[in-house]
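All of the numbers you see were taken from the coordinates with simple rules; none came from a lab. Just so we're clear, the structure is a prediction, and the values are computed from it rather than from any experiment. Because the Cβ atoms are built from the backbone with ideal geometry, glycine has one as well, and the counts that use them run over all protein chains shown.
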Amino acid sequence: MSADPAASSAPVAAVATALTAPQTSASVVICCYTQQRWADLTDACAAVRDQVRPGDEVIVVVDHNDALLARARQELDGVRVLANQGVRGLSEARNTGVRASAGDIVVFLDDDAVPRAGWLERVRHAFTERHVVVVGTSVAPRWEGGAAPGWFPAEFGWVVGCSYRGLPTRRSPIRNPIGASMAVRRSVFAAVGGFSDAVGRVGALPVGCEETEFCIRAASRRPESRVVLEPDAYVDHFVPVARQTLSYFVRRCYHEGRSKRAVARLTTTQAALAAERRYVRAVLPAGVLRGIGGSVRHPRKFLQAGAIVVGLSATVTGYLSPRRPPPRPQPGAGPLGTDTPRGL
């Protein structure tokens, strides 16, 4: 989640020359579930194909939609199209892509996110530091209609799957990245298993946190393991009008709270809320004060301050709501835990 991403100005050739890591092959996995995003999916695939090099691959995983699966196999060139082999949902769709992939790193991209020039090389280069196990990138919102609603606070970019104010602006350790654009070292899947289907998005239901739970497992396998943000790598994430309403904002915050509670049960409360403590104590109060202070000249700033309070309240309510504990996964178990790690 990041402040206000700016476009990368370096030409593709210059980026490739500066950041080349020839020993690192990449498998880019794009998961999709609806034909309503077909144009976005084709744009994402085209942008990735422009950035791959020999030894890389692009895999599209279709989540239990036969019509979309048939269309993707017929119309998408230069990619491998697979059906989700697990239960419906993003977690098992990603796991299907991991099982089918061969790259040294597995890069996950949302079907409505389009990488900017140099994205893949910057991600690849971040793994030259051997203790890095997961890399996230900047995710810039591409608002349908051209701009965010006036009331929408930049601190809540995560609500629409994008970077938010408060994230590091240079490469830094983080707990977990935005799932729209993230990469994992292949050996990690063999060590800790895949994404848990006890959390994560299913279709359009506004839940998440599968990246959080996975990254906590990945980082805990060895004391030196690091999850980092590479803010100079960018993707543009489409935000439809349907996700620009206050009702969606509140629902997404509520379900985020419920997802955080599930992650706390799968891991520990301390690990599940480590990043949120600073966010709630420092980032959100600063946002409220900024909004109130700027409301004289810009009345929308007062609305943004109010939205921060509403969003935090909805998230806390979701976290405190009763929910049956999901089964605790066994790290390293299952098909992903038995893969032979290629490592780097």
Protection proxy (average C-beta count within 10 Å per residue), highest first, orders 252-258, 217-223, 149-155, 71-77 as 252-258, 149-155, 217-223, 71-77
Please work out the Kirkwood hydrodynamic radius for the stretch 41-94, using every pair of different C-alpha atoms, and report it in angstroms with one decimal place. 11.8
Divide, for the stretch 76-127, the radius of gyration over alpha carbons by 2.2 N^0.38 Å, where N is the residue count. 1.27
Note on the stretch 74-229: alpha-carbon gyration tensor, axes a ≥ b ≥ c; rule is a/c under 1.5 for rounded, else prolate if a/b larger than b/c, else oblate; result rounded
